[in-house]
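Okay, structure first, notes after.
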Amino acid sequence: MKLVFALCLLMMPFVSFAQHFQSNDIPDSLKKNAGLVTRYEEEVFEIKSPGKATEHERHVYTILNEDGDYVSTYRSRYDKFTSINNITGTMYDASGKELKHVRKKEMEDVSGTGDESLITDSRYKICSFNNRTYPYTVDFEEEDDINGILDFPDWVPQGINKASVEDTKFVVIAPKDYVLRFKPVNCSFQPVITEDGGKKIYTWERKNLPARNKEIFAPSPIQIIPYVMIAPSDFEAQGYKGDMSTWEGYGKFYYELLKGRDILPEDIKRKVHELTDNLNDPRQKIKVLYDYLQRNTHYISIQLGIGGWQPFDAAYVATKRYGDCKALSNFMVSLLKEAGIKGNSVIIRSGANETSMNSDFPSDQFDHVISCVPFEKDTVWLECTSQTLPAGYLSSFTANRYALLVDEAGGKLVHTPKYGLNDNQEIKKITATINEEGNLSASINTMYKAERQDHLEQLINYLSKEDQLKHLKSSIDLPTYDIVKFDYVQHKEILPPSITETLELNAPNYAQASGKRLFILPNVLTRSAIKLKQDEERKYEIELKDEYRLIDSVEIKIPGGFQVEALPRDMKLETKFGKYITSTRVLPDKIIYYRLQEQYSGKFPPSDYSDLTRFYDEIFKADRSKIVLVKKE
Amino acid sequence: MKEKRPLLRLLAIVLKTSQYFFVICFCFIGVSSFCQDKTGVNFKKVMVSDFNIPFSSIIDSNTKAVVLANIGNSDFEGSSKGTFVLAYNEFKRVLLLKKSAFGEATIEIPIYTGKDEFAEVFENFEASTYNLENGVVIETRFDKNTLFKEKYNKNYTIIKFTFPQIKEGSIIEYRYRIKSTFNRDDIRSWDFQGKYPILWSEYKVTIPPVYNYKILKQGDFAYNIDSVGKMKRNYTVLETSGLAKDVGLIYNITGDAVVEKWVIKNIPGFKTEEYIFSPDNYIPKISFQLYEIHGSKDTIKIEKNWDSTSAILLRDPDFGKSFIEEKPWLQDDMHKLLSDSNEFAKAKKIFEFIRDNFLCTDSNALYLSAPLKSIYEERKGTVADLNILLTALLINQGYDAHPVLLSTREHGKTVEGHAILDQYNYVVSEMNLNGITYLLDASVKKMGFGKLPEKCYNGSAWVIDKNAKQVKLSADSITESKTSMITLENDRDGEMKGSSSADMGYYESLSLRNKFTKNEMKKEIWKSYSSDMEIYNEAIENISNYEEPVSASCDLKLKFSDAIIYFDPLFGQGMKRNPFAADKRLYPVEMPYKTDDTYVLNMEIPSGYSIDEMPKPGRIKLNENDGLFEYLIAVENGKIQLRSRLHLNKTFFAPEEYNSLRDFFAYVVKKQSEQIVFKKKK
């Protein structure tokens, strides 16, 4: 009897398993819009002590079509802090029959250093299956040891588009007295909490989530996708202890990492005094030292061990003349200190689209470090990895978001400046002539300011003249043309900075000359390319992130003897999304065209989507309306 | 990174020596004429003048960096591995003028570190940064603690380092040596041109008396030095494996080694242009091909013709041997797939089975990366894996099939008449059935049976068979033809009704199939049509008939009410931008294929309107026969007939032909933007 019972126990999971992941079990509601279905997902994170944890993960996906194929490759990262104990991958066909099983030692092992770093110690184990017979199922299981905790994984039940979820589970096991911090975001998922001896077990679970579609102008994922943030309170890595439950505590931890790393070699100290002692204005001193930093150092990223968190010290940067963002920021703060100015490192999330964060939940939401000098009324911000930005200007890479300022008292959240409608401008003046054949010759002067100059700023500082020309040519939408001359001047003295572009070009056949008519597009260069799909079903809010103003004034001399046959209608659209005004006048010898476009930032309800589509459509069309001139008889 | 090939123990093969001989001596007697080394630049001797490079035809105020010297040296050494060791030395000195060239100060050198006899050794590394301070050259030595060796994967390690103390105006200098077990195709080639101007580019090769190499030169630059000399050398090679496993053999080779040296001075930075298949084709370069081995008694010709190369490949376990040998498992697995009796249908099924079920992991490969059976089971592999497997399956089923080697466009042109495998990077399959030859590529998704991707049309391909056969695959041999047609007639109340149909080009179809689903394709195809008309009844044919191009059709409705109508007879389908934006051209233009694009419009004059103005017919030729653009338009019986045809009959245009090519397209763009003006009758 005993034997039979044991056999049953052994058999049971096997049987249920095989049935469980048959592809025909999937309800149609989960197949809709989906490239894959997460059949079962489980992540068990067990905190053993403030510095030690284990993680057990299992991911079972059924791939329905090509859109889901990418999950058939599983990548697992490991480094000095995380080691992989075991990892397996198994592939099943639609009926649940095993096709292939891969063990850890058979997996590919590759470096995790990407293009942005010179070297890191992160590596990947990669298990990649290939099957073109859909549907099929892959099952990955992994066990890690974590030695040195700086952050916990967040739980995102459904992180990707075009993927539905059948069952997903997240479990955190912690010592009973451990303060686990968590916060549901965009949802109210609460864990089931149980106790087992000295342990407390938190379990979150979600079932049957249909696939989501991607929507244009939707808020960033962290604003709309339901997830649970989880963070340590007490943590420890390589001898450094911290408490993350407040921003202050988090800042204190980082300050500890910085402590004593600001000592400059004597020659650099002398240099600092040489540069700043005769200046009175602290802002002037900052400018001079930032300029010194930009001239003498450049960005190289080396991320090894705790080095991923702790910057190389100031002396290292002084002798090598390179460092990553945190090392360069620390070096800058050290230079400032020597000049008697108190600066700070500021931990931040970088990227033009990464402006939102959960400011009420202290946790590691950052990936970059800058520095700053706070004054009574304002703050001078310094991006230390750039060799070309002016002191005090951040660019869209780090502007308009929360960041953590680090000082001896701990950390505090600060907000970086926002560049708005009056900053982000592009003002273009075109003076041109069109002859009877329709050939256009034009001189164009454009002023790009603040975030509108960010991209250009990179191009003119980092590309050769030939490549600048190539880029310029790719951005100009004219049928056939030659650029006669082009030039850029960067203005850094007044903030936000601007760039002036002067351009001379010839465009043969710009206007279509038929027997007696001349078709002229008065809007020579600024034509909106945005065309939204009308028939979209809108679920999420609309978020317009950019704010800018574009002004074009165009004056085109025209040959005599023509009269107007058709003229684009003057436009005046004033909406909550923005403003669009054009006017076209034809005088006997010239055309005068004016265009103003303002884009506002903001959030709008999904029901506004058709208005937004119409707004852009009208601009699209008006930007392409032609003047028709006909020869006087 | 390059595939590593099994070692050919050439010396051992040549000598066929008996195991009782311990020492074999070769003496190559000749007159030694040692050639003097007169390099313009010496390592570590950085002068003040190196910091002040005057402007010249190749350097101006926009130059970001100047390579003051780049010097390479390949030399053979004796070894205990039964063959030579090849020592490759490189030394480079660069003046960094602008911040934007600081990327040059981070160096990555991949070395092969696989667990076999080919593992390479990186040594003799030295690097320094030099700065000019108050007229004095200050050297900052590279700190060896910051030399990183990153294990990239199981076969390669990347040596990484970045120079300290760099600023605008710094000079960086480094040298290293890589020692590798000699494999006869492994003398490194040398590129004399790079991204930045180079003042002195030098390569020296010392070849032991046992070998004779053919030297292949590419490019138009004249050599400032091109010298051959001789030098007495002694090499000792110890053999401890194979025949000599028990006793050990020592080869002692003494004689005159051939020393060749090439220098080009003042080479401008390479600037790539659009419509170039591969910049590699235009860079001045030297590469090597072994053609003779001198044994103790006689000379062996390494006939690198395609017949002998084929024979070697057919014996190679990572190539021909895999499909020549009987593979019973193939037979079993294919059985259920191939119930069809029709020979053609069966072959197509085999092809589709691989194309649709296997993933191509690398489209640069000549040899199998794993045994056929494991590729078959893994359902993935390189282009060589998939197409050799395809060949094997076809042979197994009794078809006449062979692998075909070629070099894809981005990989570069091959040198005609030389069977240098390094110049090839791609394998397809040839199958002959009922007198018809099919070229097959199962590595590309949705590729038709008997079709090859554009990138394969890059000159010659070679069928690997007992008698190797050349197949010409030129860009000129493919034509992308497209025909589209719109008809419109008057319906009621100022409305016009009609239809549109288009037969796409084959490669356009392939890209549509791979980018879009059927429904997306419908939106995509009609997206660019002028927005004022209503489009309905969209239909697409041949979406999954991969051998044929996609054809699309729809019905149209148009409304007219304004007093004057400006009407685009191409409905927004005309060419809007000249593909040749640049006004000057340095290199030839290489178009992907010949083009034949015809558009036809048949429409009634909208009722209630008359034609006020109409584009004039036009016709222009490109050179005599290279291209033709026709724009024929006429009105007859109240109907407008328009036919616009762009025919490009050639794919390669010399730089001298650039202006006429650009003008030709300018005319096309102009003509295709012209409008018809209708006026309401009073």
Exercise. If you take the beta carbon distance between A:Leu573 and A:Glu543 as r and set R0 to 22 Å, what does 1/(1 + (r/R0)^6) give as a FRET efficiency, to the nearest 0.05?
Worked result: 0.60
Exercise. What number comes out for the charge environment of A:Leu505, summing +1 per Lys or Arg and -1 per Asp or Glu over other residues with Cβ under 9 Å away?
Worked result: -1
For this session: Note down the magnitude of the dipole of the protein assembly as shown about its Cα centre, charges +1 on Lys and Arg C-beta and -1 on Asp and Glu C-beta and zero elsewhere, to the nearest 20 debye.
Result: 1480 debye
Problem set entry | Mean Kyte hydropathy of 0.5 or more with a Cα span along the axis of at least 18 Å, helices from DSSP in chain B | B:383-396
For this session: Inverting the mean 1/r over all pairs of different Cα atoms, compute the Kirkwood radius of chain A and quote it in Å.
Result: 29.0 Å
For this session: Write down the Å³ per residue value for the convex hull defined by the alpha carbon atoms of the range B:306-473.
Result: 103 Å³
For this session: Run the numbers on the range A:458-518 and let me know its relative contact order in percent, using alpha-carbon pairs under 8 Å that are six or more apart.
Result: 29 percent
Problem set entry | Mean separation of Cα contacts under 8 Å (6+ apart) over length of the range A:206-274, as relative contact order % | 14 percent
Exercise. Going through the range B:471-555, which trypsin sites (Lys or Arg not before Pro) have at most 12 other Cβ atoms within 10 Å and a DSSP loop state?
Worked result: B:Arg492
Exercise. So, in nm, how far is label A:Asn161 from label A:Lys100 when the simple model puts each one 7 Å beyond its Cα toward the Cβ?
Worked result: 2.9 nm
Problem set entry | Values of log10 I(q)/I(0), in the order q = 0.10, 0.17 Å⁻¹, for the range B:479-680 under a Debye, Cα-only, solvent-free model | -0.49, -1.21
Exercise. What are the principal axis extents of the Cα atoms in the range A:506-559, in Å, biggest first?
Worked result: 52, 27, 15
For this session: Equivalent ellipsoid semi-axes for the protein assembly as shown, as square roots of 5 times the alpha carbon gyration tensor eigenvalues: give them largest first, rounded to whole Å.
Result: 50, 45, 40
Exercise. Are there trypsin sites (Lys or Arg not before Pro) in the range A:76-135 that DSSP puts in a loop and that have at most 14 other Cβ atoms within 10 Å, and which ones?
Worked result: A:Lys97
For this session: Once you have the Kirkwood Rh of the range A:425-631 from its Cα pairs, apply Stokes-Einstein at 20 °C and 1.002 mPa s and quote D in µm²/s.
Result: 115 µm²/s
Problem set entry | GluC sites (Glu not before Pro) within the range B:385-442: DSSP coil, no more than 13 neighbouring Cβ in 10 Å | B:Glu416
For this session: Excluding residues fewer than 8 places away in the same chain, name every one of the lysines whose C-alpha is closer than 20 Å to that of B:Lys445.
Result: B:Lys346, B:Lys348, B:Lys349, B:Lys380, B:Lys455, B:Lys515, B:Lys518
For this session: Taking each pair of different alpha-carbon atoms in chain B once, compute 1/r for the pair, average those values, and report the inverse of that mean as the Kirkwood hydrodynamic radius in Å to one decimal.
Result: 30.0 Å
Exercise. Which of B:Tyr130, B:Tyr367 comes first, and how do the rest follow, when ranked by fewest Cβ neighbours within 10 Å?
Worked result: B:Tyr367, B:Tyr130
Problem set entry | Virtual spin-label span in nm between A:Glu248 and B:Met231, 7 Å along Cα→Cβ | 7.3 nm
Exercise. Quick one: length gained pulling B:Ser49 to B:Lys559 fully straight, 0.36 nm per residue minus the C-alpha distance?
Worked result: 176.1 nm
Exercise. Using +1 on the beta carbon of Lys and Arg, -1 on that of Asp and Glu, and nothing else charged, what's the dipole of the range A:423-498 about the Cα centre, debye to 20?
Worked result: 120 debye
Exercise. Using r as the Cβ-Cβ distance of A:Phe620 and B:Glu524, and R0 as 25 Å, what FRET efficiency do you calculate, to the nearest 0.05?
Worked result: 0.85
Exercise. How many partner chain Cβ atoms sit within 10 Å of a residue's Cβ in peptide A:107-118, on average, as a whole number?
Worked result: 3
For this session: Using the structure shown, list the pairs from A:Lys271/A:Lys326; A:Lys449/B:Lys99; A:Lys80/B:Lys115; A:Lys326/A:Lys412; A:Lys100/B:Lys149 with a Cα-Cα distance above 29 Å, or answer none.
Result: A:Lys100/B:Lys149
Seminar exercise, completed: Ranking A:Phe81, B:Ile109, B:Val415 by how far each Cα lies towards the positive end of the charge dipole of the protein assembly as shown (+1 on Lys and Arg Cβ, -1 on Asp and Glu Cβ), the top one is B:Val415
Seminar exercise, completed: Extension length gain for B:Lys680 and B:Arg645 (0.36 nm per residue less Cα distance), in nm, is 9.6 nm
For this session: Give me the net charge of B:Pro164's neighbourhood, meaning all other residues with Cβ under 9 Å from the Cβ of B:Pro164; Lys, Arg count +1, Asp, Glu -1.
Result: +2
Seminar exercise, completed: Taking only the alpha-carbon atoms of the range A:88-201, the convex hull volume per residue, in cubic angstrom, is 213 Å³
Problem set entry | Among B:Pro403, B:Asn432, B:Ala582 - extreme Cα towards positive end, dipole of chain B, charges at beta-carbon | B:Ala582
Seminar exercise, completed: A correct fewest-to-most ranking of A:Ile201, B:Ile253 by other Cβ atoms within 10 Å would be A:Ile201, B:Ile253
For this session: Among A:His368, B:Tyr203, B:Ser607, pick out the residue whose Cα is farthest towards the positive end of the charge dipole of the protein assembly as shown, where Lys and Arg carry +1 and Asp and Glu carry -1 on C-beta, about the Cα centre.
Result: B:Tyr203
Seminar exercise, completed: Here FRET efficiency (C-beta to C-beta, A:Leu469 to A:Asn353, R₀ 30 Å, nearest 0.05) is 0.55
For this session: Calculate, in nm to one decimal, what B:Ser481 and B:Ile109 gain on full extension: separation in residues at 0.36 nm each, minus their alpha carbon distance.
Result: 129.4 nm
Exercise. Taking the range A:526-625, how many lysine pairs are there with alpha carbons less than 14 Å apart, if each pair must be eight or more places apart or span two chains?
Worked result: 7
Problem set entry | Student exercise, the range A:246-415 dipole from Lys, Arg, Asp, Glu Cβ charges, in Debye to nearest 20 | 280 debye
For this session: Specify the angular offset, from 0 to 90 degrees and rounded to the nearest 10, of the alpha carbon long axis of helix A:609-622 from the longest principal axis of the alpha carbons in chain A.
Result: 30 degrees
Problem set entry | Globularity ratio of the range B:447-567, using Cα Rg and 2.2 N^0.38 Å | 1.49
Exercise. What pairs from B:Lys557/B:Lys639; A:Lys516/B:Lys639; A:Lys162/A:Lys418 go past 27 Å between their alpha carbons?
Worked result: A:Lys162/A:Lys418
Exercise. Label A:Asp611 and A:Asp151 with points 7 Å out from Cα along Cα→Cβ: what is the distance between them in nm?
Worked result: 3.8 nm
For this session: Within 10 Å of each residue's Cβ, count the other Cβ atoms and sort B:Ile633, A:Ile348 from fewest upward.
Result: B:Ile633, A:Ile348
Problem set entry | Debye-sum result for the range A:194-304 in log10 I(q)/I(0), which assumes one identical scatterer on each alpha carbon, at q = 0.16, 0.21, 0.23 Å⁻¹ | -1.06, -1.20, -1.24
For this session: Send over the semi-axes of the range A:246-415's equivalent ellipsoid, whole angstrom and largest first, taken as the square roots of 5 times the C-alpha gyration tensor eigenvalues.
Result: 24, 18, 15
Problem set entry | Value of relative contact order over chain B, rounded to a whole percent, pairs C-alpha under 8 Å and six or more apart | 10 percent
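Throughout, read-outs are computed from the coordinates displayed, never taken from laboratory work. Fair warning: this is a prediction, and the values are worked out from it, not measured in the lab. Virtual Cβ from ideal backbone geometry, glycine too; neighbours counted across all protein chains shown.
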